[in-house]
Amino acid sequence: MKKLYYLLTLCVCIPSAMQAQSKTDFYRLSHQQRSGFGFRMGLNYSLATVSDFYVNSSTPITSLGGVRPKSSYYLGGFYYKELIPNQLTYRLEANLQQKGVGSVDPVGKPVINARYYYLGVTPLIGLQLFNKLTIYTGPELNVLVAKTNSWGKGYPLEIGLTARLSYTVGKIGIEASYFRGFTRYDQLKDSSPFGGPFEFDFYNQNAQLGLIYHWQ
């Protein structure tokens with residue numbers, strides 16, 4: 001009888017222990033800090049901010065006329081890691097961006113169609129606002145790698161601040177971003193019969209809209 005009692009006890013306890021262990025494992029997996037890699041791509045809308053002044057005077061002059069925004073593209077990849085599951089995420093991006101600016105003469109004829117190509121690094125901290133909706137912010141550092149039809153020689157380094165709003169469903173999401181540059185990316189020097197010479201400093205503002213994909 002004792003042997004039969006022990007056998008029945010084992011038959012009851014072992015499945016119960018296995019079920020409890022599986023529940024514990026599921027709880028742990030659901031609260032793991034997820035990490036992985038992903039891709040991002042989309043449209044980049046550039047709107048130049050122009051700061052202008054006389055070289056030999058502190059008197060400001062009117063903004064450079066005829067400056068027009070320009071649409072282009074961006075491509076990038078990123079590594080992400082949850083710092084606090086479902087609350088706080090770290091993301092490190094590497095991006096290739098084409099930025100630009102255009103200009104027209106007084107009658108509307110295009111004069112300059114400038115393009116600037118950047119490779120950049122963007123470390124971001126993301127705060128989950130609601131389910132599937134996260135806001136990211138952080139500094140952006142871009143290195144100028146090429147340019148065409150530029151206003152001037154261009155500057156090799158651009159530093160600014162980025163904010164992104166991401167909505168993801170599964171591995172795919174949509175993302176809207178805004179970037180404001182704190183360092184000038186180009187400069188136009190010219191003269192005027194009414195009091196030159198003068199300089200125009202160009203700073204980037206960029207809006208992005210595109211897709212993101214979490215590879216793993």
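The values are calculated or read from the model by the stated rules, or taken from the named source; none is laboratory data. Just so we're clear, the structure is a prediction, and the values are computed from it rather than from any experiment. Note that each Cβ is placed from the backbone with ideal geometry, even for glycine, and that neighbours are counted across all protein chains shown. The area values use the complete protein model at the heavy-atom level, side chains included, leaving out ligands, DNA and RNA. Shrake-Rupley method; radii C 1.70, N 1.55, O 1.52, S 1.80 Å.
List of remarks:
- Any hit, region 182-199, residues being within 30 Å of residue 83 (Cα to Cα) and of a type in the set (A, V, I, L, M, F, W, C): yes
- Residues that are of a type in the set (D, E, K, R) and either open to solvent by less than 70 Å² (accessible area, probe 1.4 Å) or more than 26 Å from residue 118 (Cβ to Cβ) (or both) were ranked within region 35-69; the one that is modelled with the highest pLDDT is 40.
- When the test is whether a residue is in a strand (DSSP E or B) and within 11 Å of the chain's Cα centre (by Cα), residue 72 does not pass it.
- Residue pairs whose Cβ atoms lie under 8 Å apart, separated by 6 or more positions or on different chains, with the first residue in region 185-196 and at pLDDT 65 or above and the second open to solvent by 40 Å² or more (accessible area, probe 1.4 Å) and assigned to a strand (DSSP E or B), are 185/203.
- Any hit, region 151-161, residues being of a type in the set (A, V, I, L, M) and in contact with a Leu (Cβ under 9 Å, 6 or more places away or on another chain): yes
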